[in-house]
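The values are calculated or read from the model by the stated rules, or taken from the named source; none is laboratory data. Just so we're clear, the structure is a prediction, and the values are computed from it rather than from any experiment. When we count neighbours, we look across all protein chains shown, and the Cβ atoms used for this are built from the backbone with ideal geometry, even at glycine. Keep in mind that these areas ignore ligands, DNA and RNA; they rest on the heavy atoms of the full protein, side chains included. Shrake-Rupley method; radii C 1.70, N 1.55, O 1.52, S 1.80 Å.
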Amino acid sequence: MTPDLSRQRVRERRSYLARTLREAVRPARLLLVVKTALAVGLAWTIAPHMPGVTDEYPYYAPLGALVSMYPTLMGSMRSSVQTLFGLATGIGLAAVIVLTVGPTWWTIPLVVGLGVLVSGTGWFGVGKEYVPMAALFVLIIGGQNADDYSLGYLAQMGVGIVIGLVVNLLFAPAPLIGSAEARVEEFRRQLAGHLHDIGSAVSESWPPETAQWADDAAALAETTADLRAALAEADESVRYNPRARRRHAGTAHIHEQLSTLDRIAHLIRDIADATADTIWERPAAMSLDPALPEPLSAACHAVADVIAEDDPSSSAAHRRRAEAARAIRLLLERVDDRTFDVRSSMGPGVLTAMHLRRILILSGERPDDEDDE
């Protein structure tokens, strides 16, 4: 391993560690930590005072509180219902064994196997693990007192879940819309950075000294998937959330932004792939006319500046779109001239010009609208 590659991997690991630590101490995460601790403490305090035989199994109440705590209210309610459904199903499977042949060396593994089989239906969500677990606990721990144990197990879990839901409702988490929107805006800047890197790569001496831009472009699809997951969580965070209703929160505009940026990301990946093929002479490589790197690089940088604009309606944004439109026009003119001279239209310059024009359209304004400026 070369020293440069080794240092790069060290930097990547440090960056990953710093990012994960930041995620762990986000305000929303710290609020969840406090609420979880409070719910577990309340459940453990209340559980011994439950009526009947249920007070003999107080340790299940904190577990119920723990499984009910999710970053969003909707997630908490869904996981709570799924957990109770899984528990009830597992207890029901165990009850069939208790009422018939009883727990033996072959009925216990049989009912656990059935629990695993049933949990694979997809009906139980996060509660699927509790189907075989509840059946096993009832048969092994409940034993001769399976009825009392089943009642105590299910009741105390229910108590803990209710306590967790109440705590989560009283201290409702803030909607995650702001965080999702900030990440989408960061993705916009990331796309602009990738296109700047490509513009720099084609103007360097070949092959370029660094190849990180190609690796980063290849990771755009993964970034988009992560953003869609974060946006789905933001959508869920406003459901049944009183704090969201007060703010009249909505995510439609963020979905539209991400959809546009996703299309731009696909175009940038195509540009990066074609450029990388040419630079490193891969099997799909097409030669780049020596007259094209300069206008191609200028067009990439100009369009990247448009992507990075925070306010597309500002005068600065209009000026940058005009500059990008002119840069693309110059690139197209150079491509047309060289096509006539060398009698070949194939090459990364053609693809890049087409994609840059499309990116500029997606960024808010057609290049033709700016041609007369």
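For labels at Asp226 and Arg13 in the simple 7 Å Cα→Cβ model, what's the distance in nm?
About 1.9 nm, to one decimal.
Taking only protein heavy atoms into account and a 1.4 Å probe, give the accessible area per residue of the stretch 55-145 in Å². Present the calculation step by step, with values, prior to reporting the outcome.
Working: 4410 Å² over 91 residues.
Heavy-atom accessible area per residue stands at 49 Å².
Please list, short to long, the whole-number percent of alpha-carbon pairs of the stretch 114-178 in consecutive 5 angstrom bins beginning at zero.
4, 15, 15, 17, 17, 14, 9, 6, 2, 1, 0
Ordering Leu258, Leu267 by accessible area with a probe of 1.4 Å, largest first, what comes out? Intermediate values should be presented prior to the final figure.
On the way: Leu258 0, Leu267 25 Å².
My answer, sorted largest first, is Leu267, Leu258.
Please give the contour-minus-distance gain from Asp147 to His49: 0.36 nm per residue of separation, less the Cα-Cα distance, rounded to one decimal in nm. Mind showing how you got there, number by number?
Working: separation 98, 0.36 × 98 = 35.28 nm, distance 1.97 nm.
Gain in length upon complete extension: 33.3 nm.
Solvent-accessible area of Arg334, probe 1.4 Å, all protein chains present, reported in Å² to the nearest ten, please.
Per-residue accessible area (Arg334): approximately 90 Å².
Which FRET efficiency value, to the nearest 0.05, do you get for Ala316 and Val33 by plugging their Cβ-Cβ distance into 1/(1 + (r/R0)^6) with R0 = 51 Å?
Numbers: r = 43 Å, r/R0 = 0.84.
Approximately 0.75, to the nearest 0.05.
For Ala182 and Leu170 in the same chain, what is the full-extension length gain: residue separation times 0.36 nm, less their Cα-Cα distance, in nm?
1.6 nm
Once you wrap a convex hull around the alpha carbon atoms of the stretch 145-186, what is its projected area averaged over all directions, in nm²? Mind showing how you got there, number by number?
Working: hull surface 17.5 nm².
With every direction weighted equally, the projected area is 4.4 nm².
Top to bottom by accessible area (1.4 Å), largest first, where do Phe124, Phe137, Phe85 land? Don't skip to the answer; put the middle values down first.
Numbers: Phe124 0, Phe137 60, Phe85 95 Å².
Ranking Phe124, Phe137, Phe85 by accessible area, largest first, yields Phe85, Phe137, Phe124.
Need the full-extension length gain, Val101 to His266, defined as separation in residues times 0.36 nm minus the C-alpha distance. One decimal, nm.
Taking 0.36 nm per residue and subtracting the Cα distance, the gain is 53.3 nm.
Let me cross-check Glu56: its accessible surface, 1.4 Å probe, with only protein heavy atoms counted, in Å² to the nearest 10?
Roll a 1.4 Å probe over it and Glu56 shows about 110 Å².
With a bin width of 5 angstrom, please list the P(r) values of the stretch 25-108 as percents of all Cα-Cα pairs, from the 0 bin to the one holding the largest distance.
3, 13, 15, 17, 18, 14, 9, 6, 3, 2, 0
Tell me the volume per residue, in Å³, of the convex hull enclosing the alpha carbons of the stretch 47-189. If you can, show how the numbers build up before the last one.
Details: hull volume 16.7 nm³, N = 143.
Cα convex hull per residue, to the nearest whole number: 117 Å³.
With a Förster radius of 45 Å, plug the Cβ-Cβ distance of Arg189 and Glu333 into 1/(1 + (r/R0)^6) and report the FRET value to the nearest 0.05. Can you show the working numbers first?
Details: r = 30 Å, r/R0 = 0.67.
My answer for the efficiency is 0.90.
Using only protein heavy atoms and a 1.4 Å probe, report how much of Leu227 is accessible, in Å² to the nearest 10.
The value for Leu227 is about 10 Å².
For Leu351, what charge total do you get from the other residues with a beta carbon under 10 Å from its beta carbon, if Lys and Arg give +1 and Asp and Glu give -1? Write down the numbers at each step before the final one.
Details: positive: none; negative: Asp270, Asp273.
Around Leu351, the surrounding residues sum to -2.
Could you put Lys35, Lys128 in order of accessible surface area, largest first, with the 1.4 Å probe and the full protein assembly present? Present the calculation step by step, with values, prior to reporting the outcome.
Values: Lys35 5, Lys128 90 Å².
So the residues, ranked largest to smallest area, are Lys128, Lys35.
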